[in-house]
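Colleague: This is the structure I have questions about; it appears just below.
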2 protein chains.
Amino acid sequence: MTTLVEVARAAGVTAATVSNVLRNRGKVGEETRQRVLEAVERLGYRPNLMARALVEGKPHTMALLVSSIANPFYPEFALEVERAARKLGYFLLVCNTNEDPAQERAYLDAIGGALAQGVIVMNADFVQLDALQDLRRRGVPVVLCMWERPQEPPPLPCVAVDLYQAGVLAAEHLLRLGHRRIGVVCGGEPGGNHRWRLRGFLDTLEQAGAALPPSCLRHGHDTIDGGRDAAHRLLAGGPGLTAVFATNDLPAVGVLQAAAELSLQVPGDLSVIGVTDIQLARQMRPPLSTVAMPTTEAAALAVQLLQSEIDASPDHVPPMRVTEAPRLVVRASTSAPRREGILGGADSGD
Amino acid sequence: MTTLVEVARAAGVTAATVSNVLRNRGKVGEETRQRVLEAVERLGYRPNLMARALVEGKPHTMALLVSSIANPFYPEFALEVERAARKLGYFLLVCNTNEDPAQERAYLDAIGGALAQGVIVMNADFVQLDALQDLRRRGVPVVLCMWERPQEPPPLPCVAVDLYQAGVLAAEHLLRLGHRRIGVVCGGEPGGNHRWRLRGFLDTLEQAGAALPPSCLRHGHDTIDGGRDAAHRLLAGGPGLTAVFATNDLPAVGVLQAAAELSLQVPGDLSVIGVTDIQLARQMRPPLSTVAMPTTEAAALAVQLLQSEIDASPDHVPPMRVTEAPRLVVRASTSAPRREGILGGADSGD
């Protein structure tokens, strides 16, 4: 991949001059300017796109790459990102990869090719980090958003939310209410993106002397239907559970559905808590207790960080911004257990 | 606004030659090509963007302009549009105007300025039709989608769905179940976008001798909260209603919430039916009966139509594609009335 320095060498100028030409800044003679632009073209260098946009008079746009626009969290987050971007004079383009790596790569190439001045990437898994690092090396500003583990930063600029803490808060809430026989529905594969919040939940239970037996943890797709299926498996095999923690609001809604299908009253027979606080959480009957992500703040930080990346040279150490901690939101889907062991196998009956 | 013909006159060539140059088609000598491109630049002509993209090697993109990405219908529709666009080799950019006319105008300008090769606009109201016609005259392909009244086509290429028929189907369903005391929650202002489906519903009741009294029609925001508020007003003042038609699924979900808050069983005490069939309709407990929009078909038609607009000259008569009719989807939120007049004032008691 051609670097700014190689372009400078080929044009017989300093890197600062190349940068000035591409950003339309500083005083550069017309002949030098032409020589730089020719070197850029000949070597196939992809300059900072903001600079190119300034030169060509293109609109200022940021792209938001989401993996599944059908997951209601992403449109809600996109709305916040758009508000923040608009305040800085940017349009927001929403690109949906539909969890298809080829589609994701194609969007990233298009963004590298001029679609936007930079890109905010949601929930990058480890496979695509390489592609994103390539993109950044080519001078395209990239910001990861909703990195779930501030203690282990990724090799890219990012906005992190401490999701381990979300698991801690959910566990503390259920323990405080008096629950001891708790089940977990975890969205995604074991070892997937939800592992940190799961870890926070499990660690907290263990520290309280209420460690979760393996049979009380089920994984499922990170969707409503996935949560419902996992909840049916959990409740069919579970020893008198009085509460379920779902690692995301969508599967938590699925747990509410499964409870309704099994004629279990929520929260009397079964308390249910999720993570995120999507609008649907408020709209369910009963409304869902959850641990709210700082969505508005994360969106604003991502846009600010992307803007500073657009204005910066691409070879600095990737910065990380950490949001405020997630926050417990208690609604009507959690309460003290009415009685223990409604599904049999309660402590008192052991 | 500069036209293709003016460019041709200035360059001393035919309009067909200008078109060939801009589309990179046909045999055009290099000197002629340069003369045309100079005339294009001098006159500030905005050529068909697909042509420009071909010349400049930009990615092929379509834009989808939605008024509210927080309304779950739009992400669901965007997903379908993206699938259809991808089959034709296009990326889809989702632009959210947030119901802000200035923001909408800015996006349209950006699209005219090179953001995408064409734009699909959802739910255009009458104010912005002018702006869209301007855009089309400047050679930017525009397709309206979900035009609700095929009998009265707009002055732009469009995909129409007969939403009057949706109102007819909902009314016939409730009448067939035996309901006669029916209320309506209409999303949006009187005279707004929902007027055709409302008209279809009211006409059908009237033809069946069950005309709706004005007190049984309430308008509210086209949202869950708007539907809930309107339903509370309706049910507080309504004379023993046994069923409610909401002109959209979101307010219908709000009616379900209001029923729960009033301890009314759905469907025993109150049947509820919506329009659209968003995913949430299936996810409610009870799942919502509705009249399904042909979303997948409309998305595919919109993409096909936009592609043919991209390939066509901008001065032909705007074509219209009409989808198959909406379709009744019966779920558990509607049934025969258990008894009449649960809220007092029933027929038998009058």
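Colleague: Being more than 21 Å from residue A:287 (Cβ to Cβ) and either within 14 Å of chain B (Cβ to nearest Cβ) or of a type in the set (D, E, K, R) (or both) is the filter here; which residues of the range A:227-251 pass it?
Modeller: Passing the criteria: A:229, A:233.
Colleague: Take the residues in the range B:272-294 that are over 14 Å from residue B:251 (Cα atoms) and in contact with a Ser or Thr (Cβ under 6 Å, 6 or more places away or on another chain); name whichever of them is surrounded by the fewest Cβ atoms within 10 Å (Cβ to Cβ).
Modeller: Once the filter is applied, the top-ranked residue is B:286.
Colleague: Another question, then. Does residue B:49 qualify as being under 17 Å from residue A:116 (Cβ atoms), away from chain A (no Cβ under 12 Å), modelled with pLDDT under 70 and more than 18 Å from the chain's Cα centre (by Cα)? Spell out how you get there, then give the answer.
Modeller: Working: under 17 Å from residue A:116 (Cβ atoms): yes; away from chain A (no Cβ under 12 Å): yes; modelled with pLDDT under 70: yes; more than 18 Å from the chain's Cα centre (by Cα): yes.
Judged against the criteria, residue B:49 is a match.
Colleague: Based on what the data block shows, is residue A:262 touching a residue at least 24 places away in the same chain (Cβ under 8 Å) and either closer than 24 Å to residue A:189 by Cβ or more than 15 Å from the chain's Cα centre (by Cα) (or both)? Steps first, answer last, please.
Modeller: Values: touching a residue at least 24 places away in the same chain (Cβ under 8 Å): yes; either closer than 24 Å to residue A:189 by Cβ or more than 15 Å from the chain's Cα centre (by Cα) (or both): yes.
Against the criterion (touching a residue at least 24 places away in the same chain (Cβ under 8 Å) and either closer than 24 Å to residue A:189 by Cβ or more than 15 Å from the chain's Cα centre (by Cα) (or both)), residue A:262 qualifies.
Colleague: Pairs under 6 Å by beta carbon, first residue within 7 Å of chain A (Cβ to nearest Cβ) in the range B:64-78, partner among the polar types (S, T, N, Q), six or more apart or different chains?
Modeller: Pairs that qualify, where the first residue is within 7 Å of chain A (Cβ to nearest Cβ) and the partner is among the polar types (S, T, N, Q), are B:69/B:96.
Colleague: Residues being in a loop (DSSP other than H, G, I, E, B) and of a type in the set (A, V, I, L, M, F, W, C): count how many of those fall in the range B:311-327.
Modeller: Looking only at that region, the number is 3.
Colleague: Scan the range A:252-310 for residues that are more than 10 Å from chain B (Cβ to nearest Cβ), of a type in the set (Val, Ile, Thr) and in a helix (DSSP H, G or I) and jot them down.
Modeller: Going through the range A:252-310, the residues more than 10 Å from chain B (Cβ to nearest Cβ) turn out to be A:252, A:255, A:258, A:262-278, A:281, A:288-310.
Among the residues that remain, those that are also of a type in the set (Val, Ile, Thr) are: A:255, A:266, A:272-273, A:275-276, A:278, A:290-291, A:295-296, A:303, A:310.
A:255, A:295, A:296, A:303, A:310, listed by residue number.
Colleague: Looking only at residues that are over 24 Å from the mean Cα position of the chain (by Cα) and without any contact (Cβ under 8 Å) to a residue 12 or more places away in the chain in the range A:192-212, which one is farthest from residue A:180 (Cα to Cα)? Before you say what the answer is, go through the steps one by one.
Modeller: In the first step, residues of the range A:192-212 are kept if they are over 24 Å from the mean Cα position of the chain (by Cα); the result is A:205-212.
Within this subset, residues satisfying the condition of being without any contact (Cβ under 8 Å) to a residue 12 or more places away in the chain are A:206-207, A:209, A:211.
Numbers: A:206: 11, A:207: 12, A:209: 9, A:211: 9 Å.
Per the stated criteria, the residue is A:207.
Colleague: If you take the residues of the range B:108-128 that are within 18 Å of the chain's Cα centre (by Cα) and at pLDDT below 85, which of them is surrounded by the fewest Cβ atoms within 10 Å (Cβ to Cβ)?
Modeller: Our first condition is that a residue be within 18 Å of the chain's Cα centre (by Cα); within the range B:108-128, this holds for B:108, B:118-128.
Remaining after also requiring at pLDDT below 85: B:108, B:123-128.
Numbers: B:108: 24, B:123: 19, B:124: 22, B:125: 12, B:126: 7, B:127: 9, B:128: 20.
In this case the residue turns out to be B:126.
Colleague: Just give me the residues in the range B:249-286 being under 24 Å from residue B:324 (Cα atoms) and in contact with a His (Cβ under 7 Å, 6 or more places away or on another chain), in sequence order. Full working, then the answer.
Modeller: Taking the range B:249-286 as the starting set, the residues that turn out to be under 24 Å from residue B:324 (Cα atoms) are B:249-250, B:252, B:273-282.
Within the range B:249-286, B:273 is the sole residue that qualifies.
Colleague: Also, quick follow-up: Residues in the range A:96-117: is at least one among the charged types (D, E, K, R), more than 14 Å from every other protein chain (Cβ to nearest Cβ) and farther than 28 Å from residue A:311 by Cβ? Before you say what the answer is, go through the steps one by one.
Modeller: Step one: filter the range A:96-117 for residues among the charged types (D, E, K, R), giving A:99-100, A:104-105, A:109.
If we keep only those that are more than 14 Å from every other protein chain (Cβ to nearest Cβ) as well, we get none.
Scanning the range A:96-117, I find no residue that is among the charged types (D, E, K, R), more than 14 Å from every other protein chain (Cβ to nearest Cβ) and farther than 28 Å from residue A:311 by Cβ, so the answer is no.
Colleague: A further question on this structure: Say whether the condition of being within 22 Å of residue A:138 (Cα to Cα) and modelled with pLDDT of 80 or more is met by at least one residue in the range A:69-89. Spell out how you get there, then give the answer.
Modeller: So the first thing to find is which residues in the range A:69-89 are within 22 Å of residue A:138 (Cα to Cα), and the list is none.
No, there is no match, as no residue in the range A:69-89 is within 22 Å of residue A:138 (Cα to Cα) and modelled with pLDDT of 80 or more.
Colleague: Can you tell me which of (1) closer than 30 Å to residue A:5 by Cβ; (2) in contact with a Gly (Cβ under 6 Å, 6 or more places away or on another chain); (3) part of a strand (DSSP E or B) is the one residue A:185 doesn't meet?
Modeller: Every condition holds for residue A:185 apart from (1).
Colleague: Restricting attention to the range A:88-104, report how many residues are farther than 17 Å from residue A:295 by Cα and touching a helix residue (DSSP H, G or I) at 6+ places or on another chain (Cβ under 8 Å). It would help to see each step written out before you state the result.
Modeller: Taking the range A:88-104 as the starting set, the residues that turn out to be farther than 17 Å from residue A:295 by Cα are A:88-91, A:93, A:95-104.
From what's left, touching a helix residue (DSSP H, G or I) at 6+ places or on another chain (Cβ under 8 Å): A:88, A:90-91, A:93, A:95-98, A:101, A:103-104.
Matching residues across the range A:88-104 total 11.
Colleague: Among the residues that make up the range A:185-196, is at least one of them surrounded by fewer than 17 Cβ atoms within 10 Å (Cβ to Cβ) and at pLDDT 95 or above? Quick ask: steps written out before the conclusion?
Modeller: Residues of the range A:185-196 surrounded by fewer than 17 Cβ atoms within 10 Å (Cβ to Cβ): A:189-192.
Cutting the leftovers down to at pLDDT 95 or above gives us none.
No, the range A:185-196 contains no residue that is surrounded by fewer than 17 Cβ atoms within 10 Å (Cβ to Cβ) and at pLDDT 95 or above.
The values are calculated or read from the model by the stated rules, or taken from the named source; none is laboratory data. Given the structure is predicted, the values throughout are model-derived calculations rather than measurements. Don't worry about glycine lacking a Cβ; one is built from the backbone with ideal geometry, like all the others, and counts go over all protein chains shown.
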